[in-house]
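Student: What follows is a structure written as structure tokens; I'll ask about it next.
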């Protein structure tokens, strides 16, 4: 351990808290929590024969660290989850996908609750169900619900005085509160049925609907009785697909892991009312060299930090670390007792074993799919090499795009495909600095100059890796801008441009664009490159535009000047993230303190 780090470790307090390890560039590479900060951090730097290669490499990589003291170990656990989601440190176990998993949100706080798909569960009075690892499964669930409980999907103001309803009303996919065809009370009863369905309480819905159907029939309201009958049949059909696993109406989550060749998959079974109502698989990364109980512990913390509902019992495939702290945290989230157990026999053990088998099958399917994808990708690369007349197979391809509106918040993107598949860790954003107004050619020159200047200046960095092919989104003008920059730097890299309107490829030295067959694997690869570069540039452009509006609001907070505003934006990225941040997280931002952090929380 370097002497300066050794001195810093000695100054760490012995209470609970969170620590962040950083590399020489200041990037957070690991986040952890501890009941005793000093002892835990010191353990990483002590030479121990039992230390894993991963921890040894982490210790060598760490150039500096920070720590945040908390009031309790449970508070440290919550903060650790938040920081892992924000920084996605390379040495932490984390969800493999960079995206947030979707939820079904029901805005129960509104007069006419809306049902929508969101990526973040918040404490805003709405009800959340999920997360769903499979978007297809979530949409299938919503499709089933809408057939049983027709609900509003439009954003129009529901005044009840509109002159006419939309088509969905006439095909029985919307109850049309917009024209007063259903009252507010009746509509809320309908949405309550959706909530009960998502909670697995179908029997309660059926009892209520059967009573309503009988009342409607007695009152000679045959059309309403028929509609209720159809709802009952729809729910019964959905229930037929659900497997009864316990005779008692227990609510459980069953969680098991499968691991193979450095990959890990967590399978979660959702048991509600004694029935298996759904399951989700979550792929994990950063698991190599970690013990199974450590991987499972990390998954539990991140999963339950995000979910909106914690059941009364959680069945696990193996023991976990910090069980008492995690149980206390889950009970606080639930507001009631939570049992964590590792069953050894009986039906519960059988259910855990089934979850383990499903996790293993998911990993096997992923491995087979990746092999197929790799074969297809290599075929596309070979096709592209032949059609473009390249000397070498383009194993590394970089694609570039520009996004702006009249020059405002202009951004550029670089996406990288390695062996025909995206390598998202190598993607880069560029904020245009030197170009005023809408000048795509000049913006493209700036992006490429910055990229290839770093390639020549930084011999040992990732920037030094040159592509086998450069793809520019645009036509001949964009291609010439790219060739000009490469010539300035004395580089010879095969470069082409793909124009979107007619899918024409422009190449140096010829005025005639190349048109590839529509079914060509090479064309599909080029389109994917172009679309990915466009998506990545547009996303950053939209983020900058949102920040421009957010900056104006932050300036209104007492004590927040330009430097603090910039630091907050850099750290959190959005107003919602700042609003949800804890006092400790706000105070930990560069230039902030607890007084100003409290003012920000009060203001927002």
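The values are calculated or read from the model by the stated rules, or taken from the named source; none is laboratory data. These numbers were taken from a predicted model, which means no experiment stands behind them. Cβ atoms come from the backbone with ideal geometry, glycine included; neighbour counts cover every protein chain shown.
Student: I want to confirm something. Restricting to the stretch 446-467 and keeping residues that are in a loop (DSSP other than H, G, I, E, B) and touching a helix residue (DSSP H, G or I) at 6+ places or on another chain (Cβ under 9 Å), which single residue is surrounded by the most Cβ atoms within 10 Å (Cβ to Cβ)? Step through it out loud before you land on a result.
Tutor: In the first step, residues of the stretch 446-467 are kept if they are in a loop (DSSP other than H, G, I, E, B); the result is 458-461, 465-467.
The next check asks that each one be touching a helix residue (DSSP H, G or I) at 6+ places or on another chain (Cβ under 9 Å); those that pass are 458, 461, 465-466.
Numbers: 458: 11, 461: 11, 465: 12, 466: 14.
Within the stretch 446-467, the match that is surrounded by the most Cβ atoms within 10 Å (Cβ to Cβ) is 466.
Student: Looking at the stretch 124-208, what helices (runs of 4 or more DSSP H) fall wholly within it and have at least 1 residues that are at pLDDT 85 or above and closer than 16 Å to residue 234 by Cβ?
Tutor: Numbers: elements: 135-148, 167-170, 184-198.
Those helices (runs of 4 or more DSSP H) span 184-198.
Student: Condition (residue is under 24 Å from residue 382 (Cβ atoms), part of a strand (DSSP E or B) and either in contact with a helix residue (DSSP H, G or I) (Cβ under 7 Å, 6 or more places away or on another chain) or outside the structural domain of residue 419 (by TED's automatic domain parsing) (or both)) applied to the stretch 482-496: is it met by at least one residue?
Tutor: So in the stretch 482-496, the residues under 24 Å from residue 382 (Cβ atoms) come out as 492-496.
From what is left, the residues that are part of a strand (DSSP E or B) are 495-496.
Now drop any that are not either in contact with a helix residue (DSSP H, G or I) (Cβ under 7 Å, 6 or more places away or on another chain) or outside the structural domain of residue 419 (by TED's automatic domain parsing) (or both), which leaves 495-496.
Among the residues of the stretch 482-496, at least one is under 24 Å from residue 382 (Cβ atoms), part of a strand (DSSP E or B) and either in contact with a helix residue (DSSP H, G or I) (Cβ under 7 Å, 6 or more places away or on another chain) or outside the structural domain of residue 419 (by TED's automatic domain parsing) (or both), which makes the answer yes.
Student: Do you know which of the residues in the stretch 277-292 that are in a strand (DSSP E or B) and surrounded by 20 or more Cβ atoms within 10 Å (Cβ to Cβ) is farthest from the chain's Cα centre (by Cα)?
Tutor: First, pick out the residues of the stretch 277-292 that are in a strand (DSSP E or B): 277-285.
Restricting the remaining residues to those that are surrounded by 20 or more Cβ atoms within 10 Å (Cβ to Cβ) gives 277-278, 282, 284.
Details: 277: 23, 278: 20, 282: 11, 284: 13 Å.
For the stretch 277-292, the residue satisfying everything is 277.
Residue-wise test of (1) part of a strand (DSSP E or B); (2) modelled with pLDDT of 90 or more; (3) buried (at least 16 other Cβ atoms within 10 Å of the Cβ); (4) under 23 Å from the mean Cα position of the chain (by Cα).
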site	(1), (2), (3), (4)
256	yes, yes, yes, yes
305	no, no, yes, yes
315	yes, yes, yes, no
325	no, yes, yes, no
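Student: With respect to residue 490, is the statement that it is surrounded by fewer than 16 Cβ atoms within 10 Å (Cβ to Cβ) and under 19 Å from residue 411 (Cα atoms) true? Can you show your working first?
Tutor: Details: surrounded by fewer than 16 Cβ atoms within 10 Å (Cβ to Cβ): yes; under 19 Å from residue 411 (Cα atoms): no.
For residue 490, the condition - surrounded by fewer than 16 Cβ atoms within 10 Å (Cβ to Cβ) and under 19 Å from residue 411 (Cα atoms) - is not met.
Student: Taking interchain pairs and intrachain pairs at least six residues apart, which have beta carbon atoms under 8 angstrom, with the first residue in the stretch 43-67 and farther than 15 Å from residue 91 by Cα and the second modelled with pLDDT under 80 and loosely packed, with under 14 Cβ neighbours inside 10 Å?
Tutor: 45/6
Student: As an exercise: evaluate residue 211 against (1) more than 24 Å from residue 126 (Cα to Cα); (2) in the same structural domain as residue 114 (by TED's automatic domain parsing); (3) part of a helix (DSSP H, G or I) and give the number of the one condition it does not meet.
Tutor: (2)
Student: Need at least 3 residues that are in contact with a strand residue (DSSP E or B) (Cβ under 6 Å, 6 or more places away or on another chain) per element, so show me which helices (runs of 4 or more DSSP H) inside the stretch 19-123 make the cut, counting only ones lying wholly within it.
Tutor: On the way: elements: 37-45, 53-61, 73-87.
Passing ranges, in order: 37-45, 73-87.
Student: Could you tell me which residue of the stretch 327-350 is nearest to residue 74 (Cα to Cα), considering only residues that are within 28 Å of the chain's Cα centre (by Cα) and assigned to a helix (DSSP H, G or I)?
Tutor: Of all residues in the stretch 327-350, those within 28 Å of the chain's Cα centre (by Cα) come to 327-335, 338, 340.
Those left that are additionally assigned to a helix (DSSP H, G or I): 327-334.
Values: 327: 10, 328: 8, 329: 6, 330: 10, 331: 11, 332: 10, 333: 11, 334: 14 Å.
Out of the qualifying residues, it is 329.
Student: Sort through 189, 194 and tell me the only one that's assigned by TED's automatic domain parsing to the domain that holds residue 116 and in contact with a strand residue (DSSP E or B) (Cβ under 8 Å, 6 or more places away or on another chain). Spell out the reasoning first.
Tutor: Working: 189 fails: in contact with a strand residue (DSSP E or B) (Cβ under 8 Å, 6 or more places away or on another chain).
Answer to the check: 194.
Student: Being free of Cβ contacts under 8 Å to residues at least 24 places away in the same chain and surrounded by 13 or more Cβ atoms within 10 Å (Cβ to Cβ) narrows it down to one residue among 116, 163, 140, 122; which is it? Write out each step before concluding.
Tutor: Numbers: 163 fails: surrounded by 13 or more Cβ atoms within 10 Å (Cβ to Cβ); 140 fails: surrounded by 13 or more Cβ atoms within 10 Å (Cβ to Cβ); 122 fails: free of Cβ contacts under 8 Å to residues at least 24 places away in the same chain.
Answer to the check: 116.
Student: Considering the stretch 559-604 alone, what residues qualify as being farther than 23 Å from residue 124 by Cα, touching a helix residue (DSSP H, G or I) at 6+ places or on another chain (Cβ under 6 Å) and not in a loop (DSSP other than H, G, I, E, B)?
Tutor: 565, 587, 594
Student: Would you point out which residue out of 276, 228 is closer than 23 Å to residue 144 by Cβ, in contact with a strand residue (DSSP E or B) (Cβ under 6 Å, 6 or more places away or on another chain), outside the structural domain of residue 195 (by TED's automatic domain parsing) and modelled with pLDDT under 85? Before the answer, list the steps.
Tutor: Values: 228 fails: in contact with a strand residue (DSSP E or B) (Cβ under 6 Å, 6 or more places away or on another chain).
Going through 276, 228 in turn, just one is closer than 23 Å to residue 144 by Cβ, in contact with a strand residue (DSSP E or B) (Cβ under 6 Å, 6 or more places away or on another chain), outside the structural domain of residue 195 (by TED's automatic domain parsing) and modelled with pLDDT under 85: 276.
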